[in-house]
Amino acid sequence: MDALRVILLICHLAALAGVVVAFVAHLSASRSFLRVLAGAAGGLLGTGLLLLAVDALDDESINWAKMITKLVISTAVLAAALLARSREDGERPGTFFYGAGLLALVNTIVAVAWT
Ligand code: HEM
């Protein structure tokens, strides 16, 4: 299970890198990166749930309050990214786009600082 956990953690962090790259690229490039942002946000949620499942099966002690907080925020990140994509109308970055980025940042702080 340890190897699987490491692989999932790498995928989880790669998805986080995807969110950051898509966010910055959408801010600076002339084409839209909202599809990439939504895909990476979905990847974060999926790999996070798989990591949690592996920890639970391994009988690792789980901080459920932290996990539920991350799950709620992560779902909001995905929802905001999807809404930003569906409301894209040629205008430059809007509220949902910035909301997705801000919430992803909050979840990163929760992940690292809540021990
Ligand atoms: C925007 C969404 C998310 C972000 C930015 C994020 C960020 C991170 C980061 C930076 C780490 C590595 C730091 C560490 O190991 O302490 C991590 C680990 C982890 N994440 Fe996430 N995560 C997100 C969503 C989720 C979700 C939805 C779940 C599951 C409900 C989850 C479960 C985990 C688990 C189990 C670990 C392994 C380390 C631990 O037990 O704390 N993550 N996440």
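Considered as a group, the residues in the range 86-115 that are over 15 Å from V24 (Cα atoms) and outside any helix (DSSP H, G or I) include one that is farthest from the ligand (Cβ to nearest atom), and that residue is G90.
Conditions tested, residue by residue: (1) within 15 Å of the ligand (Cβ to nearest atom); (2) more than 24 Å from V112 (Cα to Cα); (3) exposed (fewer than 14 other Cβ atoms within 10 Å of the Cβ).
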| position | (1), (2), (3) |
| --- | --- |
| D2 | yes, no, yes |
| V6 | yes, no, yes |
| A15 | yes, no, no |
| L34 | no, yes, no |
| D55 | yes, no, no |
| A80 | yes, no, no |
| A84 | yes, yes, no |
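Candidates are the residues of the range 19-32 that are within 14 Å of N107 (Cβ to Cβ) and not aromatic (F, W, Y); the one that is farthest from the ligand (Cβ to nearest atom) is V20. Is there a residue being more than 9 Å from the ligand (Cβ to nearest atom) and either among the hydrophobic types (A, V, I, L, M, F, W, C) or surrounded by 13 or more Cβ atoms within 10 Å (Cβ to Cβ) (or both) anywhere in the range 71-78? No, the range 71-78 has no match at all. Scanning the range 36-53 for residues that are loosely packed, with under 13 Cβ neighbours inside 10 Å and among the hydroxyl-bearing types (S, T, Y) yields nothing.
Residues to consider are L27, L4, L52; find the one that is part of a helix (DSSP H, G or I) and in contact (Cβ under 8 Å) with a residue 60 or more places away in the chain.
Sole residue among the options that is part of a helix (DSSP H, G or I) and in contact (Cβ under 8 Å) with a residue 60 or more places away in the chain: L27.
Computed from the coordinates by the stated procedures, all read-outs in this text should not be read as laboratory data. Because the structure is a prediction, the values reported are computed rather than measured. Quick reminder, even Gly has a Cβ in these numbers, built from the backbone with ideal geometry, and neighbours come from all protein chains shown.
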